[in-house]
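Student: Questions regarding the structure given below will be posed in turn.
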């Protein structure tokens, strides 16, 4: 379990429907909308393309065969499942409306554990486009969550984009073949446990500072984690906290995994939203605990400004680099991405947390309308 809140500025809260993934480069089929809460175009599960077919007159993005291209999309909700961690992938098929068997994977990477399912994360993935000119072909992004809580119409989310590949001036067949071989190696790689893999203390409180320089975003707050009680609380102030919106207010999140309820409270407006939680995940690092992370290094200088005089251990999951202080306590130090986005943790306090910490604001206890919950959650609670 890794505490990553507001990984991108688009923290769009659901409004009674599921929203899990949207693709804009190249533009997805059908409607596209991430500007309002509950954007239905981001929820498409039926293979191979979310039950949306194309026609010969459908809008089509023209790209160069054999060239490199950045696929850009957003994971709208995080459904990490430690029982069988999921993946995200980019695939390609020739044809107007190809079948599932026609698609071949160009790039695949592991899901990451953000802990908070309402976290939304943007990805920009560089791929090698096939060196196969075609007038009608499809580029697809999938989120294979493997989470049984999300099992209506399966546990995979799809977005397809109609493209055209034109003949390029360079022959990149060799490069494309080498890329496919490397992809197969990565997919088949045996993930190994490491003696440094660890979990944070059962009862732990710390502070965090989150920054995204590219969009001048910053937030800070406190994390209360109680493994035995299966409860968490997070307080966060976004961009100074002087406004009323997702981008500039102050929030409390109470998560009770025994009851299955998560409350999301805006202190400045007094509004509280209710969510149904997925499964509890321990706050751990490394493949030993099914976190889809490979151990990188031990006892190296911490990259966090709060720990330059300390030594850290590192794990990596794709572009996410996780650091903990190099001690038997497994205290988190930072999370970073190549884009410059960082979450720095301040070494916190180990020990019991007052039960009153996990009691939601009275306004939340009055909330009965569910913003988002999985079909399985709804089955057992209503």
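The values are calculated or read from the model by the stated rules, or taken from the named source; none is laboratory data. Fair warning: this is a prediction, and the values are worked out from it, not measured in the lab. Methodologically, a virtual Cβ is constructed for each residue, glycine included, from the backbone with ideal geometry; neighbour enumeration extends over all protein chains shown.
Student: Sort through 275, 279 and tell me the only one that's in contact with a helix residue (DSSP H, G or I) (Cβ under 8 Å, 6 or more places away or on another chain) and not assigned by TED's automatic domain parsing to the domain that holds residue 117. Even if it seems obvious, please write down each step before you answer.
Tutor: On the way: 275 fails: in contact with a helix residue (DSSP H, G or I) (Cβ under 8 Å, 6 or more places away or on another chain).
Answer to the check: 279.
Conditions (1) out of contact with any helix residue (DSSP H, G or I) (no Cβ under 8 Å at 6 or more places or on another chain); (2) at pLDDT 90 or above; (3) part of a loop (DSSP other than H, G, I, E, B), marked per residue:
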residue	(1), (2), (3)
5	yes, no, yes
10	yes, no, yes
15	yes, no, yes
23	yes, yes, no
31	no, no, yes
36	yes, no, yes
50	yes, yes, yes
54	yes, yes, yes
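Student: Across region 155-172, which residue is surrounded by the most Cβ atoms within 10 Å (Cβ to Cβ) among those that are modelled with pLDDT of 80 or more and in a loop (DSSP other than H, G, I, E, B)? Break it down into steps so the answer makes sense when it comes.
Tutor: Step one: of region 155-172, the residues modelled with pLDDT of 80 or more are 155-167.
Next cut, in a loop (DSSP other than H, G, I, E, B) only: 155, 167.
On the way: 155: 20, 167: 10.
Restricting to residues being modelled with pLDDT of 80 or more and in a loop (DSSP other than H, G, I, E, B), the top hit is 155.
Student: Kindly indicate whether any position in region 315-329 is surrounded by fewer than 21 Cβ atoms within 10 Å (Cβ to Cβ), touching a residue at least 12 places away in the same chain (Cβ under 8 Å) and in contact with a helix residue (DSSP H, G or I) (Cβ under 8 Å, 6 or more places away or on another chain).
Tutor: Among the residues of region 315-329, not one is surrounded by fewer than 21 Cβ atoms within 10 Å (Cβ to Cβ), touching a residue at least 12 places away in the same chain (Cβ under 8 Å) and in contact with a helix residue (DSSP H, G or I) (Cβ under 8 Å, 6 or more places away or on another chain), which makes the answer no.
Student: Hey, any hits in region 199-209 for a residue that's touching a helix residue (DSSP H, G or I) at 6+ places or on another chain (Cβ under 7 Å) and either part of a strand (DSSP E or B) or at pLDDT 95 or above (or both)?
Tutor: Kept after step one, since they are touching a helix residue (DSSP H, G or I) at 6+ places or on another chain (Cβ under 7 Å), are these residues of region 199-209: 199.
Going one step further and asking which of them are either part of a strand (DSSP E or B) or at pLDDT 95 or above (or both), we end up with 199.
Checking region 199-209: at least one residue is touching a helix residue (DSSP H, G or I) at 6+ places or on another chain (Cβ under 7 Å) and either part of a strand (DSSP E or B) or at pLDDT 95 or above (or both).
Results for (1) in a loop (DSSP other than H, G, I, E, B); (2) outside the structural domain of residue 286 (by TED's automatic domain parsing); (3) farther than 22 Å from residue 275 by Cα; (4) free of Cβ contacts under 8 Å to residues at least 40 places away in the same chain, shown as yes or no for each residue.
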{"site": "91", "(1), (2), (3), (4)": "no, yes, yes, no"}
{"site": "112", "(1), (2), (3), (4)": "yes, yes, no, no"}
{"site": "132", "(1), (2), (3), (4)": "yes, yes, yes, no"}
{"site": "153", "(1), (2), (3), (4)": "yes, yes, no, no"}
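Student: When region 93-110 is examined, which residues are found to be part of a strand (DSSP E or B) and more than 27 Å from residue 230 (Cβ to Cβ)? Give the steps one after another, and end with the answer.
Tutor: Looking only at region 93-110, we keep the residues that are part of a strand (DSSP E or B), and these are 93-94, 104-110.
Result: 93, 94, 104, 105, 106, 107, 108, 109.
Student: Check 209, 251, 224, 257 and return the single one that is crowded, with 16+ Cβ neighbours inside 10 Å, touching a strand residue (DSSP E or B) at 6+ places or on another chain (Cβ under 8 Å), free of Cβ contacts under 8 Å to residues at least 60 places away in the same chain and within 25 Å of residue 305 (Cβ to Cβ). Explain how you work it out, then say what you get.
Tutor: On the way: 209 fails: free of Cβ contacts under 8 Å to residues at least 60 places away in the same chain; 224 fails: free of Cβ contacts under 8 Å to residues at least 60 places away in the same chain; 257 fails: within 25 Å of residue 305 (Cβ to Cβ).
Among 209, 251, 224, 257, only 251 is crowded, with 16+ Cβ neighbours inside 10 Å, touching a strand residue (DSSP E or B) at 6+ places or on another chain (Cβ under 8 Å), free of Cβ contacts under 8 Å to residues at least 60 places away in the same chain and within 25 Å of residue 305 (Cβ to Cβ).
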